[in-house]
Every structure is written in structure tokens, then in C-alpha cells.
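Here is the structure we will look at, set down as C-alpha cells.
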Amino acid sequence: MLVGFLTAFSFVKNENRKIHFEHINFINTDLKFISLDSVNKMLKQSELFSKESLKSDLNLTEIESIILDNAFINSAEASLGLDGQLGIILKEKNPVFRVLNGDFYIDSQGNKMPLSNVFSQRIPLLLNNVDSASFKKLGSLGNYVKYNMFLSKHISGLELVEKDLVFYVNGFNYLVKINGFENYKSKFKNYELFFKSVYKEGILDSIKSINLNFKNQVIVQKI
């Protein structure tokens, strides 16, 4: 009986603990496009953080919603320790294309992401205006390019010309053409094999364009 009373008393005491927001613990958070100071300031300016709260009254989901209003943040997970300290895990959006004329990024999920005053990431440029209906497909394509060891160092830009994806490459003047967003992974693999097989032969400087639209073929147009 005494043990039960002490447990209940401890629970009530813990729930009535006041939360102080002077020190927020950002856990395993590595931000590039926004500083932790900016996130901290954003939280403390909100009405939720303007006064002390009881642990029992604190709404962690509301805290996460405040953070997710920031255009650089992809996900936020808030938790509360037994000592009353607030812990937050943040994950930024992952940009995969920079839209040249629009001055914004498209992230890996196909969402718009503003440019940052803190950090500028070197990723392929999207050279013309694109309908937002294509953002999701561009996000998937850009994510594939970004994490492919060959393409991430090779592709410098993309232009959408009617249904064609026209890629610009680093170090050479030719264009790589793919019709639409279908099967680009297998087409890029064919292109990588071709590039590596002829790289030392010196013929790449004499190429105007490379067409990857034919199954298991790389069609070259010379200058």
C-alpha cells in the first residue's frame, strides 16, 4: 500500500514539474541551411514558449508543428526527459536541384525549398521554368543523381525541352537526352558504361549529343 502511494505521489510530482525553456537540447542535429540559434529563437518567440508550463500541459505535437512551419525543416521530433528538459531531433530538407530562374531549390520529395543565407549547396541547376506538377518526379530524379557516385560528379544541369530531359555535364560540351522520366536509371547505367569505355580514347570532345532513348543503346551525334 505504501509503495503504491509513493509511486502515485512520484507520478503526480513529476507531472506537476515545471518546464523551463532556457535550454533546449537539440539531439543528433546537424543543420546546414538554418542555424540552431534561429530555431531556438523561433521557438522562444512563440506563445507556447512565452511562459513556464507544467509537464502535464506540454503538447509536444504543437512544438513539432511550430518547427515544421520553417521552410528548411523536413521533420521534427520533440521529447521530454524526466528532468523536465526538452529534447528535439531535427532533419532538414534535402535539396537536389536549384531552380536558376526561380531562386529556390527542389528537394528530394518534390517540395520547394528557399535558398539559404547560411549555406549554399552545390547541386545541378534546373535551367528553365518547370510546372510544379513535375516537382515530385524531379525530386526522385534529383535524389538518384545526387547519391549516384558517377552522376553526382558528372551532371551539372538539366533543362526540360517538351518531353525531353536534357542534361549538361561537367567538363564536356555535349548534351545527354532522355525522353521523359521513365526508366532513367537503366539508361544512365548504359551511359556510364559508354562514358567509361571511351573516356581515354578522346572522342568525347567531338560529340554534340548523346541519345539514351533506345533500349540498351547509346546513340551518338558528332559535331
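The values are calculated or read from the model by the stated rules, or taken from the named source; none is laboratory data. On a predicted model such as this, the values are computed, not experimentally measured, just so you know. Here the Cβ is made from the backbone with ideal geometry for all residues, glycine too, and neighbour counts use every protein chain on show.
Annotations
- Extreme residue, nearest to Glu182 (Cα to Cα), among residues of the stretch 132-153 that are in a helix (DSSP H, G or I) and without any contact (Cβ under 8 Å) to a residue 24 or more places away in the chain: Ala133
- Here Lys163 clears all of (1) touching a Gly at 6+ places or on another chain (Cβ under 6 Å); (2) surrounded by 12 or more Cβ atoms within 10 Å (Cβ to Cβ) except the condition numbered (2).
- Some residue of the stretch 213-222 being farther than 21 Å from Asn148 by Cα, exposed (fewer than 13 other Cβ atoms within 10 Å of the Cβ) and in contact with a helix residue (DSSP H, G or I) (Cβ under 8 Å, 6 or more places away or on another chain): yes
- Restricting attention to the stretch 145-160 and to residues that are crowded, with 16+ Cβ neighbours inside 10 Å and either acidic (Asp, Glu) or over 21 Å from Ile203 (Cβ atoms) (or both), the residue that is nearest to the chain's Cα centre (by Cα) turns out to be Lys146.
- Ala71 fulfils the conditions (1) out of contact with any Pro (no Cβ under 9 Å at 6 or more places or on another chain); (2) modelled with pLDDT of 85 or more; (3) among the hydrophobic types (A, V, I, L, M, F, W, C) except for a single criterion, (1).
Residues checked against (1) touching a Lys or Arg at 6+ places or on another chain (Cβ under 6 Å); (2) part of a loop (DSSP other than H, G, I, E, B); (3) more than 14 Å from Asn25 (Cα to Cα):
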{"position": "Ile66", "(1), (2), (3)": "no, no, yes"}
{"position": "Asn70", "(1), (2), (3)": "no, yes, yes"}
{"position": "Ser75", "(1), (2), (3)": "yes, no, yes"}
{"position": "Ile89", "(1), (2), (3)": "no, no, no"}
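- Residue in the stretch 182-196 that is in a loop (DSSP other than H, G, I, E, B) and in contact (Cβ under 8 Å) with a residue 24 or more places away in the chain present: no
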